[in-house]
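See structure below.
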Amino acid sequence: AHTKRVAVLGASGGIGQPLSLLLKLSPLISDLSLYDIQHTKGVGADLSHIETRAKVKAYVGKDELADALKGMDLVVIPAGVPRKPGMTRDDLFNTNATIVADLVTACAKNCPRAVIAIIANPVNSTVPIAAEVMKAHNVYDEKKIVGVTTLDVVRASTFVAEAKGLDPTRVFVPVIGGHSGNTIIPLLSQVSPPVSFSQQELTTLTNRIQNAGTEVVEAKAGAGSATLSMAHAGARFSFSVLEALNGKEGVVECGYISSQETEFKYFATPLLFGRNGVEKSMGVGKLSEFETKLIEKAKKELNGNIQNGVEFAKQYLAK
Ligand code: ADP
């Protein structure tokens, strides 16, 4: 059937709600399964009144997680906790890492063949965690576990279009590497349509793209981080995956996956999607000297993030 079943885990959150709304509007989806540890019944009732095809079902609490996942083709995971006063970065890492490991364990048991799109941060570490959990359950398929980096592409395309007076819907900027700060590497030498930049523009745009999340956190002044643009990015990524699962050819989105492309075990590149998830990486193309230096600068952080994820998974799985 050309309609697919999609689950959102963390559907009641700042990202989860607008993401679920956007998915509800799509004719590509026959069933939309909303899961959270709180408030999903309300979100589900609300969305279920919209006159589109997707049938909405709401599941709340761990007892309903298995039912939320059965038969799913795509599972999108924005679940997590935002950093609260007094919490360290490590506290946040441990909390979100455990949430992702628990949710992916449930996917391994209930929908092992689904594509899993991970939004929960830190993506550089949560994707390796998800992979290790799937491996431990003997259902790992590296073509189906993808970290969503689409927001970096969305932002890069918007900022480049702004700077050059272009239509943002027609600009594509490949973004490689990881999904935090220095590890976000926009390839401004490979923008489509081709654009040229001065060294000053390259530096300014790259910094803005790498720190765009902070721009939103500061503007929201204590009321959270990017949710609406992230919901859009998550929906755009999901629609691309679903179209490819349905047999559309030539579907490309960037994403962070297990990779043999570079010296890094996980790396974001443009990916060609197909009927089984990621068909292949499109590679990093020909990098400029500036971009090669950015990768050099990202090395320590990205490798550390990957290592943290793998170590966490080892301990989690040993329990
Ligand atoms: P964000 O802005 O990143 O969306 P929120 O805190 O608004 O952050 O949303 C995160 C959502 O994830 C909340 O609705 C929260 O209830 C949900 N959540 C937290 N832990 C779990 C879990 N173990 N399973 C599913 N959802 C969870």
> What does the convex hull of the alpha-carbon atoms of region 84-131 project to on average, in nm²?
Replying inline: 3.4
> Under a plain spin-label model, where a point goes 7 Å from the Cα along Cα-to-Cβ, how far apart in nm are residue 265 and residue 84?
Replying inline: 3.2
> With Rg and the Kirkwood Rh both taken from Cα atoms, where does Rg over Rh land for region 41-143?
Replying inline: 1.01
> Across bins of 10 angstrom width beginning at 0, how are the C-alpha pair distances of region 280-319 distributed, in whole percent?
Replying inline: 25, 30, 29, 14, 2
> Could you give the length gained on full extension between residue 290 and residue 207, defined as 0.36 nm per residue of separation minus the Cα-Cα distance, in nm?
Replying inline: 28.6 nm
>> Taking θ = phi - 60°, what integer Hz values does the Karplus form 6.51 cos²θ - 1.76 cosθ + 1.60 yield along region 309-314, in sequence order, with x for Gly and Pro?
In response: x, 5, 5, 4, 4, 4
> Dividing the Cα convex hull volume of the chain by residue count, how many Å³ per residue is that?
Replying inline: 135
>> Quick check: Cα centre of region 165-212 to Cα centre of region 297-319, how many Å?
In response: 27
> Of the chain, which part is the longest with no GluC sites (Glu not before Pro) in a loop (DSSP not H, G, I, E, B) and with at most 13 other C-beta atoms within 10 angstrom?
Replying inline: 52-248
> Using the beta-carbon distance between residue 200 and residue 167 and R0 = 22 Å, what value does 1/(1 + (r/R0)^6) give for FRET efficiency, to the nearest 0.05?
Replying inline: 0.40
> Build a GNM of the chain with springs between Cα atoms under 10 Å: which of 120, 268, 219 gets the top mean-square fluctuation?
Replying inline: 219
> Working out 0.36 nm times the residue gap between residue 272 and residue 62, then minus their Cα-Cα distance, what length gain in nm do you get to one decimal?
Replying inline: 72.2 nm
> Once Rh for region 208-319 is found with the Kirkwood sum over Cα pairs, what is the Stokes-Einstein diffusion coefficient at 25 °C and 0.890 mPa s, in µm²/s?
Replying inline: 147
>> Projecting each Cα onto the charge dipole of the chain (Lys/Arg +1, Asp/Glu -1 at the beta carbon, about the Cα centre), which of 108, 242, 82 comes out farthest on the positive side?
In response: 108
> Can you give the Rg and Dmax of region 69-217 based on its C-alpha atoms, in angstrom?
Replying inline: 17.7, 52
> How many percent of DSSP beta bridges within the chain run antiparallel, rounded to 5?
Replying inline: 45
>> How high is the relative contact order of the chain? Use alpha-carbon pairs under 8 Å, at least six apart in sequence, and give a whole percent.
In response: 17
> Over the Cα atoms of region 171-236, Rg to Rh with Kirkwood Rh, two decimal places?
Replying inline: 1.01
> How do 149, 3, 204 rank when sorted from fewest to most other Cβ atoms within 10 Å of their own Cβ?
Replying inline: 204, 3, 149
> Where Lys and Arg each count +1 and Asp and Glu each count -1, what net charge lies around residue 72 among other residues with Cβ under 10 Å from its Cβ?
Replying inline: +2
>> To the nearest 20 Debye, how big is the dipole of the chain about its Cα centre, given +1 on the beta carbon of each Lys and Arg and -1 on that of each Asp and Glu?
In response: 420
>> Can you tell me how region 18-77 classifies by the Cα gyration tensor, rounded, prolate or oblate, using a/c under 1.5 as the rounded cut?
In response: oblate
> Amide H neighbours of residue 251 under 5 Å, counting only residues 5+ apart in sequence or on other chains, H built in-plane at 1.01 Å?
Replying inline: 273
>> Sort 65-74, 6-15 by packing, meaning the average of other beta carbons within 10 Å per residue, with the highest value first.
In response: 6-15, 65-74
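FYI, it's all coordinate maths here, none of it is from the lab. None of the values given here were measured: they were computed from a predicted structure. Please note: Cβ atoms are built from the backbone with ideal geometry, for glycine as well, and neighbour counts cover all protein chains shown.
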